[in-house]
Amino acid sequence: MSGNLPPKKSFEELLKELGVDPLKGLTSEEVKIRQKKFGFNEVVEKKESSLKRLAKKFWGLTSWMLEITMVLTLILGRYLDFYIVTGLLLLNVLLGYFQEERANKALEALKQKLHVNSRVYRDGKWTVIPARELVPGDIVRIRAGDIVPADIVIGEGEVEVDQSALTGESLTVSRGSNEAVYSGSVIRRGEATGIVTATGAKTYFGKTTELVNIARPKLHMEEVIGQVVKWLLIMVITLLAAAFVYSAILIKAGYLSLLELSLVLLVSAIPVALPAMFTITMALGSIELSKKGVLVTRLSASEDAASMDTLCVDKTGTITLNKISVAEVVPVNSFSEDDVVIFGALASEEANQDPIDLAFIQEAKDKKVDLNKYKVLKFVPFDPKTRRTEATVQFDGKTVDVIKGAVNVVIQLCKLDEQTKKKVQETMDEMAEKGYRSLGVALRENNEAKLIGIVGLYDKPRPDSAHLISELKDLGVKVKMLTGDAKPIALQVAKQVGLGENAADIVEVKQMNDEERDEIIEKSDVFAEVYPEDKYMIVKSLQKKKHIVGMTGDGVNDAPALKQAEVGIAVSNATDVAKAAASVVLTQPGLINIVDLVKTGRMIYQRIVTWIFNKVVKTFQIVVFTVIALFLWNRFVVNAYDVLLLLFLIDFVTISISTDNVRYSKNPDKWNIDWLVKVSMLIGVASVIESLFFTYIGVKYFALLNNVNQLHTFGFELLMLSGMLTIFVVRERGHFWNSRPSNTLLISIITDIALAVAISTFGIPGITPIPLIDSLTLLALSVIFMLFVNDFVKIAVIKKIKQ
């Protein structure tokens, strides 16, 4: 890809079309009119008010459940319960709101890029103005070191342009008369005068901004919470329907009793701590990752990294060093490779920090050639007009001129026989096929120039790229390379780092229908000549095929795709725009920490699965146990207050699962809530049977039916103990003794069990005490059945479902 679209019209044609007098430029009055028509040279960000964002948090499944519960508590006159549920709702809303307020700064960073000054010709004189005041038709001057302030077509002069932040190309490109340079690129050499053709959001740079603005990743955390709540509601509604039929028709219960039952079941199903569990688990994971040099800027990214199965990698600066290196040296005319490197290095100047000069100097150092016997008398730096560098060098008692530059320029200065010309052309063709940029090196002595050799240059892969890609493949993550460079370069790099060679022609891909395009994108390993909107399209297409997509990059051109991807990863040398758009920022060069991100993400996933597992088992147990106990003994074994207390003592204590010791899986973790619910419900069946057995013992031997308040306390302690012991069962996919919980989780569980026994034995307001022997009997039964028996049930269930 050239990195530059040819202007549809020449400089002269644009002067006429835009009504500009080249002798005077635009007048102040014309500028005012155009600013009204085109606006300022900036990107306007669309923002939703904070109040509206906060209000939206009261709308959703979890919020609806809490709000319905609040209404029921008011109808029943349970004002303490009402205050507790209101507190839970506010906690749930504020946690979500403040997490979202970590707003993406991508657009602001893009706008800041435009806050530069520009030299402009207006009212017949040159002046310096803020770049935001430029309008189409302005005549501007750009020179070395400038950030191009708008899209410009050059009228006079020639410049070397660094477009890597826009196109991903690592090499500078030359632009001259009637050629376009884009806003956001950097002038490395030369000067030019041109006319502004587009400003603000209409520029190439601005269109990238618009892509960032519309890019919205799917938040899988929200999907997961929604699916969990859906299943919990299905349980509650199904059991409520059965209970309503039984209560209203068979035992003629009043509507207040039915509301009481609805309240108990609804409260038990609310996953009020789930958003907090997600947030805290991911926050702790983020802290762990930051110690390894990975900064997570969107908490959900670490959880998404667990599910990531495809990683789109930007070549320049990510897989490669974004640094020109010597790839191949082909000597001619009986010269050696060392001769070519030596004289190429002598025709280079380190102080200029020119990427090509530095490549020759580095190659000379790598080859350990001795340059001390050569004395450079004069050095002429690269000039876009001559397209070469020259040096006058003294050695071995003679003085020669060394020339380094474009092959076609160098060979015109030399006298070559037909055989040498043929060899040079073949060498250039071979280098072009490999994706190398070729340069010629020549010696001139006594006004006669001799070609020494041809040198191929390329952007070298990072030393760790091949190893990283291999590790990611072992973890089940498919890596795809996206680049603005030409196909030969892309394939050469892909081969060196161990990527597949299935390359897609992006122009052809864009012309396909949606189904064909999505199929090709899914199968391809390499995409060359890619524009920013293409990267964004590729990420979107993969997401349509149900892939969880990661995207790495460093430039402005990567920002839209970085934001759209579930896991947008900005490398250490990324622009501010890319870092703001990404959800993960690496602090070390290349992708050395990406494997840490995947492994830690998968550990986070396992912790969240454990919490959901425990919540579904517990909810199923409470709902089914409460309804069947109502059928058997015509009593509520727990009331709404008991269940609210359970929410606080179990749900929020189990947040300590976020610190648990877990193992990462060898393949991407996919959220399969249906499977998770099936396993949970089968374990829940065992818990329900055991709970009914314990209650039968309590009714028969402890006369609990004679005191309904003590029955509620017994039911409360039973559910508390089973809730805590179930954590040991669900946290380990093997037997519970195969791995040790974290200290924090272990202490939390033991403390909660002791608290449950103490509350039940001594009582608190709303909880009537029961004898110590009752509590201890229940504890012993719970350990035997809820821990050991249920652990073997879990192993059998998982084995059966896997089969």
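Overview of results
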quantity: Pairwise centroid distance, computed over Cα atoms, of the stretch 276-337 with the stretch 752-766, Å; calculated: 52 Å
quantity: Length added when fully stretched, residue 674-residue 56, from 0.36 nm per residue minus Cα-Cα; calculated: 219.7 nm
quantity: Whole-number percent relative contact order across the stretch 312-378, with pairs defined as alpha carbons under 8 Å at least 6 apart; calculated: 30 percent
quantity: From phi via Karplus (6.51, -1.76, 1.60), per-residue ³J(HN,Hα) for the stretch 492-504 in Hz, x at Gly/Pro; calculated: 4, 5, 4, 5, 5, 9, x, 7, x, 10, 7, 9, 9
quantity: By accessible area with a 1.4 Å probe, ligands and nucleic acids excluded, highest first: order of 229, 330; calculated: 330, 229
quantity: Nearest-ten-degree value, helix 532-544 long axis tilted from longest Cα axis of the chain; calculated: 30 degrees
quantity: Given the chain, longest segment not containing exposed loop GluC sites (Glu not before Pro) (DSSP; at most 16 other Cβ within 10 Å); calculated: 102-500
quantity: MRE, 222 nm, helices only [DSSP H, n ≥ 4, -39500 (n - 2.57), over the chain, to nearest 500]; calculated: -16000 deg cm²/dmol
quantity: Nitroxide proxy distance, nm - points 7 Å out along Cα→Cβ at residue 49 and residue 283; calculated: 2.9 nm
quantity: Accessible area of the stretch 687-803 belonging to carbon and sulfur atoms, whole % at 1.4 Å probe; calculated: 71 percent
quantity: Gained length - residue 291 relative to residue 523, 0.36 nm times residue gap less alpha-carbon distance; calculated: 79.9 nm
quantity: Solvent-accessible area per residue for the chain (1.4 angstrom probe, square angstrom); calculated: 42 Å²
quantity: The stretch 512-566, relative contact order in percent, only Cα pairs under 8 angstrom and at least six apart counted; calculated: 35 percent
quantity: The chain: angle of helix 355-366 to the longest principal axis, Cα-based, in degrees nearest 10; calculated: 90 degrees
quantity: Share of carbon and sulfur in the accessible heavy-atom surface of the stretch 419-505 [1.4 Å probe, %]; calculated: 43 percent
quantity: Amide H contacts under 5 Å for residue 329, placed H, 5+ residues apart; calculated: 456
quantity: Convex hull volume of the stretch 301-414 per residue (C-alpha atoms, cubic angstrom); calculated: 176 Å³
quantity: Cα-based helix-to-principal-axis angle, 255-269 vs the chain, degrees rounded to 10; calculated: 40 degrees
quantity: Surface share of carbon and sulfur [accessible, 1.4 angstrom probe, percent] for the stretch 359-406; calculated: 46 percent
quantity: Cα gyration tensor shape of the stretch 374-465, rounded if a/c is under 1.5, else prolate or oblate by comparing a/b with b/c; calculated: oblate
quantity: In range of the label at residue 409: residues from the stretch 136-161 whose backbone nitrogen is under 19 Å from the point 7 Å along Cα→Cβ; calculated: 143-145, 156-161
quantity: DSSP-defined antiparallel bridges as percent of all bridges, the chain, nearest 5; calculated: 75 percent
quantity: Packing-based ranking, highest mean first, of 404-416, 585-597 given that Cβ atoms within 10 Å are counted; calculated: 585-597, 404-416
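The values are calculated or read from the model by the stated rules, or taken from the named source; none is laboratory data. If you're wondering where the values come from, they're calculated on a predicted model, not measured in any experiment. Quick reminder, even Gly has a Cβ in these numbers, built from the backbone with ideal geometry, and neighbours come from all protein chains shown. Note: areas computed on protein heavy atoms with side chains; ligands, DNA, RNA excluded. Shrake-Rupley method; radii C 1.70, N 1.55, O 1.52, S 1.80 Å.
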